[in-house]
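As structure tokens, the structure follows; a few thoughts come after it.
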Amino acid sequence: MLDIKDLYVNINKKEILKGLNLNIKPGEVHVLMGINGAGKSTLVKAISSHYDCEVNSGSIQYKEKNLLALNTTQRANEGIFMSFQNPVEIPGINNMYFLKTALNEKRKHLNQEELNAASFLKLIREKMSLFNLDEKVLKRNLNEGFSGGEKKRNELLQLLILEPDLLLLDEIDSGLDIDAIKIVARGINSLLDGKRSILMITHYDRMCELIKPDFVHILSEGKIIKTGDYSLAVELEKTGFEAFGVQDETH
Amino acid sequence: MKLIDLDFKNEVKDDSSFKTLQKLKLPNKSIEEFKRFDLSQLYETPFNFNYSSDVSIEPFEYLKKDEFYYIFISNSQFLPLHSNINTSIIFQEEQKTKTVSNNALYHLSESFFKERNQISITQNLDKPLLIINLFKNQNSFVPTSLNISIEKNCNADIVELFISQNSDECFLNINRLFDVKENATLNYTKIEEFSQYDTTIFNCNSKVEKDSNLNIISLDSHAKKSLNLWDFFLGCDNITLTINGIVNIKDNQHSANIANITHDAKNISSQVHIQHILDDKSQALFDVKTTINENAKFAKVTQSSKTTLVSDDARINAQPRLQIYTDELEANHSATTGAINQEELYYLKSRGIPSHKAITMIIESFENKIIDKITNETVKHFIKEFKGKDNV
């Protein structure tokens, strides 16, 4: 699904990723852990072509395509979805209008017929009822005045509607209470059909417990320094990063 | 015939206005506000001064909505057969009284009308009034004039649509006088759907009595050149005036909002907010002068120009100006300019929306923010529907 080789990425002319390698196969769930500034968010941003990122060298193959040759929109429509740590508020854009536009753009890209208003409403109501999501968010403007939890639930709603192939989840659990984490985890698990893959950034073991990763990676200074299975996340929770030789200079 | 020499005496129906026009002269680059919005080429364009009121309303039947009272006006002629007004809304031609205005372009239109068209709202309206102005001309100068009067203690929501099917170059010179009586409120929304051939000038004059509110929303687009001239002398206590405008233009379109607001009594609030979205080689002018006289204590004044430049070639000239002759007031003015918010654009693109469509959505969001200020839900819904927004 995704094959990253020797990736070097700058943000604001500062080198953040320094020769990163990562391979994700269809159906796999990978978790990235690391101290602040290790390069976790930069990696997911680089995969989804964020305007801050400048790829200096290396390659990213996605579904056997050169991902670096595709722009942000094309990557999204090819099935890459990045869940934002802090989703931006856009007053004046109705949430339902946004969701319908995004879904129909994807359908157009896949040569599928666009959904009309009635079919779209039926679809969105089905998804929302499955995960106890409040329909009121549809009538509001995109993330405007949403609490942290509402923003994350709105990201989940987009995931459920757009049904991406590769989910990049940047701290989707932050700012959520335990019940909301369970809903989000249930939503994400519902998408795992053995073909979709996840690359998830989290600081907390709770999310790992609910979405059982196949691989856990520790990222430090722009490189993956250790890879293991779920037990690595459990060990990290007990010992902290220092036990793996990671120094947090911000402390 | 050209306007440059005011050589249209045979067409004049109001000598008093024409004399005032001769005295004031058509504004040109020698006047500060018009230095960056030159109209001289317009005055030299030969226009047809005869225009027909025979515009088919058939394509606009869909605007006859039960949730509104509606009035159709075709090239300045009221069409009673296509209107559904009740006894609280009186449409009449009345004898003119002299209007004090230093705006020569206002007197230009008045020169062509012997009597004045007036809509009077005499009681609170149970639903909003929709005024639909239709224009269909070729290479014409089209003056229009309408007074909107809100009687004492009345509230009214009025939406005025200007829809043009003009071809060749046309000059629409539109006069509106808002006569808001004591303790009355007028919420007025102006929506322009002019043609690419039109130059439009909206001359807004007012008589506003004490304890009254005048809230204006102005949505401009499509005309080749459009100018709003806001002229408000606020001479009674406790008046609130707000103007919220959107200028959304592209190609080589020019747009201007020139306002002259005078506070001449106590406890008056005036706010002017214009949001510009400028693409391609379009240009906009924001020139708002508010004068707060010595007797205008406890005034609240806001002037704000916000501009989003979608292209590198678009230009904004923003001049918020305050002339303050009193100490007891709150006043602020601002002019900001920026590009499309990269973070917003990226968010939309990251959900598969192509760049051009994402930019359109962000531009629409600016308009929606202004439309969302409308308190009447029927009006808000109508405008969004008319402008094709939030189509789900």
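Readers should treat all values here as calculations from the given coordinates under stated rules, not as data from a laboratory. Predicted model, so just to flag it, every value in this text is computed and none were measured. Note that we place each Cβ from the backbone using ideal geometry, even for glycine, and neighbour counts take in every protein chain shown.
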Ignoring everything except DSSP H segments at least 4 long, calculate the 222 nm mean residue ellipticity for the protein assembly as shown; use -39,500 (n - 2.57) per segment, divide by total residues, nearest 500. -7000 deg cm²/dmol
Kirkwood-based Rg over Rh for the protein assembly as shown (C-alpha set), two decimals? 1.07
What is the gain in length, in nm to one decimal, between B:Lys380 and B:Ser56 on full extension, counting 0.36 nm per residue of separation less the C-alpha to C-alpha distance? 113.9 nm
Highest average packing first - A:24-36, B:208-220, Cβ atoms within 10 Å: B:208-220, A:24-36
For peptide A:70-78, the mean count of other chain Cβ atoms within 10 Å per residue Cβ is 5
FRET E, pair B:Ala331, B:Thr97, Förster distance 35 Å, beta-carbon r, rounded to 0.05: 0.55
Where trypsin sites (Lys or Arg not before Pro) fall in DSSP loop in region A:143-219, at most 13 other Cβ within 10 Å: A:Lys195
Give, as a single signed number, the net charge of other residues whose beta carbon lies under 15 Å from the beta carbon of A:Glu15, with Lys and Arg counted +1 and Asp and Glu -1. +1
Using Stokes-Einstein with the Kirkwood hydrodynamic radius over Cα pairs, what translational diffusion coefficient do you get for region A:211-251 at 20 °C and a viscosity of 1.002 mPa s, in µm²/s rounded to a whole number? 198
Per residue, the convex hull enclosing the alpha carbons of region B:197-354 has a volume in Å³ of 113
Could you go through region B:29-36 in sequence order and give the Karplus-derived ³J(HN,Hα) for each residue, using 6.51 cos²θ - 1.76 cosθ + 1.60 with θ = phi - 60°, rounded to whole Hz, and x for Gly and Pro? 5, 6, 8, 3, 5, 9, 4, 9
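Out of the DSSP beta bridges found with both residues in region B:15-390, what percent are antiparallel (nearest 5)?
5
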In chain A the DSSP beta bridges are antiparallel at a rate, in percent to nearest 5, of 60
List the residues whose amide H sits under 5 Å from the amide H of B:Lys207, counting only those 5 or more places along or on another chain, with H placed 1.01 Å from N in the peptide plane. B:Phe178, B:Asp179, B:Val180
Spacing of the two label points (7 Å from each Cα toward its C-beta) at A:Asp205 and B:Met1, in nm: 9.0
Using the Cα atoms of chain B, I'd like the radius of gyration and the largest Cα-Cα distance, Dmax, both in angstrom. 20.5, 63
Comparing B:Gln271, B:Gln342, B:Gln253, which has the greatest mean-square fluctuation in the GNM of chain B with Cα pairs linked when under 10 Å apart? B:Gln342
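What is the sum of charges around A:Gln158, taking Lys and Arg as +1, Asp and Glu as -1, for the other residues whose C-beta is under 14 Å from the C-beta of A:Gln158?
On the way: positive: A:Lys100, A:Lys106, A:Lys127, A:Lys151, A:Lys152, A:Arg153, B:Lys349, B:Arg351; negative: A:Glu105, A:Glu150, A:Glu155, A:Glu163, A:Asp170.
Net of charged neighbours comes to +3.
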Which of B:Leu81, B:Leu229, B:Leu186 fluctuates most in a GNM of chain B (C-alpha springs under 10 Å)? That residue is B:Leu81
A 31 angstrom limit on the alpha carbon distance is what I want to check against. Which of A:Lys108/A:Lys195; B:Lys297/B:Lys387; B:Lys13/B:Lys127; B:Lys2/B:Lys380; B:Lys114/B:Lys380 exceed it? B:Lys297/B:Lys387; B:Lys13/B:Lys127; B:Lys2/B:Lys380; B:Lys114/B:Lys380
Partner shielding of A:94-101, taken as the mean number of other chain Cβ atoms within 10 Å, equals 5
Residue by residue through A:80-91, how many Cβ atoms from other chains fall within 10 Å of the Cβ on average? 4
Connecting C-alpha atoms closer than 10 Å in a GNM of chain A, tell me which of A:Thr101, A:Thr239, A:Thr202 has the biggest fluctuation. A:Thr239
First select every other residue whose beta carbon is under 9 angstrom from the beta carbon of B:Arg351; then total the charges, Lys and Arg +1, Asp and Glu -1. +1
Separation of the B:Arg321 and A:Asn66 label points, Cα + 7 Å toward Cβ, nm: 5.8
Please state the relative contact order of chain B as a whole percent: Cα pairs under 8 Å, 6+ residues apart? 9
